[in-house]
Each structure stands twice: as C-alpha cells, then as structure tokens.
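Derivation of every value follows stated rules applied to the coordinates shown; laboratory data play no part. Keep in mind that what you see is a predicted model, and the values were worked out from it rather than measured. Please note: Cβ atoms are built from the backbone with ideal geometry, for glycine as well, and neighbour counts cover all protein chains shown.
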Amino acid sequence: MKMSAKDFLTCNKKQITLLGMSGAGKTTLANKLSPKQWFHYSGDYRIGTQYLSEPILDNIKQQAMDVPFLKDLLISDSIYICNNMTVDNLTPISSFMGKIGDPALGGLSLETFKDRQLLHLQAEIAAMKDVPKFIKKAQNIYDYKHFINDAGGSVCELNNPEVLNLLAKHTLIIYIKTSEEQEQLLFDRAQQDPKPLYYRADFLDENLKAFMHEYHYTHTEQIPPNEFVSWVFPKLFRARLPRYQAIADQYGYTVDASAIAQVKTEAEFINLIAQTLDHDS
C-alpha cells in the first residue's frame, strides 16, 4: 500500500512487510518491536512449520534409517522425530534445502536439489498468501494492534505478481537496502559459512553451467557442496538487488540498512518509516 507519513503515523493498525537479503536486519528489527503490540509473522518459520514440515521430517527420518540402531527404534515406534524450529533457528529448512554436490560430503544430486527448490518456491508463495489471514488472526484472536511480515530473502525471486499485489494491498512494503560495507560482510559470511539458498531455476541452470566449466567439473557429484554456494553467492546477491528495488519502486518504499541498524526502539522505527514516506511523497 502507498500512504502519506501523516496517514501512517495516525493509523491505529500498522501492517508492514520487510523485504531484503538475509542478513539485512529484518528479523533483528522485528525483534526490537514490542512483542505485546506487534505480531511477528516470519515467512521462513511458516514455510518450515507448515508447508515443508512433512518433507523436512521425512528427510531427517531417511537419514536416521541409515543408522541400524536408530532404524530399529523408529520401526518399533520406540522413538519419534520432530524438528524444534523457531523464528531464530531455521536450521531444519537449511538442512532440507541442502547443497548440490558430492554425496560422500553430504551433497545432493541435481535432481533432488531441484525438487527441493521447487517445494520451497511453492511453500514461500503459500506462506506469503497467508499474510492477510494472519493479519486477521493477530487482530481478532490475539488482540495485536500491529503486524510485521518478516519476509524471506527470496521473495523477490517468486515471479508472482499475485503475491506482490496481495502484500501491497494489505501491508506497507519496506525494502531494506544494504550498503556496500554490509554487502562485503555478507560476502565474507557466505565464504566462511555457506548456507543453502533458493535460486530461480534459470539462474541456477546458467550459473551452475558456468561454475562447472570454470572448475572443469563434468558431473555435479564431483562438486564439494560448499564450493558452488560460496562461488555463486555474490552473483545471487547482485541479481537480487534490482529485483528488490523494482518491487519497492512499484509497491513500496526503500530504507537503507544502515538507518535500520541505528534503530533501537519502536518509536525510532515508526519515525524512520514516516520520514521515508514523507521523503517519497
């Protein structure tokens, strides 16, 4: 939605979607807002606990069945497996998404990897379509005044105008734009601790082909799993920036991550958003 600073400040029920790369500060910011006033909707948490819950558990069970001791206990229903996912710990999703590469090093075949990528895409679309429903729940059932949608870093990759129109209809979309300094920190982090990520199908095909040619791999099973993730992250980051900006230009507003990082209180956050709306009006 588009609105003036005055309308935003006087609005009794503020509904905001935060967009940006993982590491831009979305969740950190959401956690600074009053938990009694703001309903924190995490797109990734919804994905993991609702739409990918069964595949995640099936994957864990499949790994456990390779261990004879655990296999016997599972088959006899002597133990059960659950994932202990929280907004701040989304490791089960990462473990399920996995990385392309050598199976001896925990890598996935290209076919399995693409299947999981598609499941994540479908789950993220569904999670974002749930936002209006959760806005109503937050207000009508739990009596929250305000709502913040902490969207996943790959929302800009969905290629789904219906989702963007829905979010823009029900929330104020704020894109948190990283600085060059923060970009380098994210690049360094990706090198030190490569995380599984979602890639658009065409982006994956193009860059995987280029990577394999550069490093002379003939089969994906030859790839050390972390190697491709580290190599492709800067390219993914730069490919996403114009996509985020296009969403902000059409549907919402842009705030620098450096300004977001300075926010310490809810009042400062509200003032920052109001200043952004006032500047763009």
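Quick notes on this one:
- Measuring between their Cα centroids, segment 116-185 and segment 204-281 lie 15 Å from each other.
- The trypsin sites (Lys or Arg not before Pro) of segment 1-47 meeting both criteria, a DSSP state outside H, G, I, E and B (loop) and at most 12 other C-beta atoms within 10 angstrom of the site's C-beta, are 13, 36.
- The residue 104 and residue 57 beta-carbon pair, evaluated with R₀ = 25 Å, returns a calculated FRET efficiency of approximately 0.55.
- For segment 72-224, the residue among 141, 194, 122 whose Cα projects farthest onto the positive side of the dipole built from Cβ charges is 141.
- For segment 43-177, radius of gyration divided by Kirkwood radius, i.e. Rg to Rh on alpha-carbons: 1.05
- Spin-label model distance (nm) - residue 268 vs residue 169, 7 Å beyond Cα toward Cβ: 3.6 nm
- Chain lengthening between residue 279 and residue 12 when straightened (0.36 nm per residue, less Cα-Cα): 93.9 nm
- Remark: the chain carries a charge dipole of roughly 1040 debye about the Cα centre, counting +1 on each Lys and Arg Cβ and -1 on each Asp and Glu Cβ.
- Stretching the chain fully between residue 259 and residue 214 yields a gain of 12.3 nm (0.36 nm per residue, less the alpha carbon separation).
- Principal axis box of segment 1-102, alpha-carbon based, largest edge first, Å: 64, 33, 21
- If the convex hull is drawn through the Cα atoms of the chain, its volume per residue in Å³: 141 Å³
- Cross-link partners of residue 36 among aspartates and glutamates (Cα-Cα below 13 Å; sequence separation of 8 or more within a chain): 143, 266
- Each listed q (0.14, 0.16, 0.18, 0.20 Å⁻¹) maps to a log10 I(q)/I(0) for segment 120-251, found by the Debye formula over equal Cα scatterers with no solvent: -0.76, -0.93, -1.08, -1.21.
- Anchor residue 235: lysines whose Cα lies under 23 Å away (excluding residues fewer than 8 positions away in-chain): 26, 99, 114, 177, 195, 209
- With semi-axes defined as the square roots of five times the eigenvalues of the C-alpha gyration tensor, the equivalent ellipsoid of segment 150-195 measures 28, 13, 8 Å, largest first.
- Debye equation applied to the C-alpha atoms of segment 221-281, log10 I(q)/I(0) at 0.12, 0.25 Å⁻¹: -0.50, -1.03
- Taking the number of Cβ atoms within 10 Å of each Cβ as an exposure proxy, the fewest-first ranking of 120, 40, 216, 279 is 216, 279, 40, 120.
- Neighbour cut-off at most 11 other Cβ (10 Å), DSSP loop, chymotrypsin sites (Phe, Trp or Tyr not before Pro), segment 96-178: 142
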